[in-house]
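First the structure, in the form of C-alpha cells, and then the observations on it.
No value in this document is a laboratory result; all are computed from the given coordinates. For clarity, every value in this text was computed on a predicted model and none was experimentally measured. Quick reminder, even Gly has a Cβ in these numbers, built from the backbone with ideal geometry, and neighbours come from all protein chains shown.
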Amino acid sequence: MNDIAYKILLAALVIAMNLIRMYYQKRYKQTHATTESEIAPKREKLLTQMMALALAVPGMIWLFTGWLSFGQYALPDSVRIAGFAVGVYGIWWFYRIHKTLGDNWSPVLEIRRKHTLITAGPYKRVRHPMYSNMMLWLVSFALITANWFYALTISTGLVILLSVRIPDEEKLMIERFGEQYREYMKRTKRLIPFIF
C-alpha cells in the first residue's frame, strides 16, 4: 500500500473519534450546569488543549504535507494494517466508554450533582479506561503513520496528561465516594487490566 492509503485510514479513525466526542461534548454542554465541583479549571483547559495539539497538529502535518518525512521508518504493510485494526477496536471501545459514563462524562475533572461511581463495563477491570484507550490510539497512530516524530509528540502529550490527571482524578473520586472508591481501587488496575 502507498502512503495515501494510510493517510485515508488515519483520517477515517480521526473522523470517527471526533464524531463520537462531538456527540458527547454536545450532551455535556446541555448538562454542564449540573457541575458540583471542578479541579483546577484553567489547568484542565490547558491540559485538554495540549493533548489536542499533540494529536492534531503533527497529525495534520503528516496527512497534508511531507514535512515530517524525516521521521518515517520502514514497517511492513501487515504491521501498519494491524495498527488500523487496533484503531478500529479503539473507536468501538471509545464509544462504549462514553456510553457507559453517560452524563457522568466531562472533558475536565469535575463532579456532577448526580454523579455515580461506574464500576461495570469498561470500568470493571481498570479505573481509567478512557486513558487506556488513548494509549491504544498512540499504538495505532504510530503504526499507521510509521513516523517516530508523530509517535513522540503523542507520547509526550499523553505522559504529561496522565501524570497530572490520574492522581487528581483519583483524589476527586475518593473525596466524593470515599470507602466505596477505595474498595474499587483494590480490585482494579489503573490502566492495564491485571498489570498496572
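What to note about this one:
- Segment 68-98, residues that are under 18 Å from P129 (Cα atoms) and either of a type outside the set (G, A, S) or touching a Pro at 6+ places or on another chain (Cβ under 9 Å) (or both): V86, V88, Y89, I91, W92, W93, F94, Y95, R96, I97, H98
Residue-wise test of (1) under 15 Å from the mean Cα position of the chain (by Cα); (2) closer than 21 Å to V79 by Cα; (3) surrounded by 17 or more Cβ atoms within 10 Å (Cβ to Cβ).
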| site | (1), (2), (3) |
| --- | --- |
| K124 | no, no, no |
| Y131 | yes, no, yes |
| M134 | yes, yes, yes |
| S140 | yes, yes, yes |
| L143 | no, yes, yes |
| I154 | yes, yes, yes |
| I166 | yes, no, no |
| L172 | no, no, yes |
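- Residues of segment 60-89 satisfying the condition of being hydroxyl-bearing (S, T, Y) and either surrounded by 16 or more Cβ atoms within 10 Å (Cβ to Cβ) or closer than 17 Å to I154 by Cβ (or both): Y73
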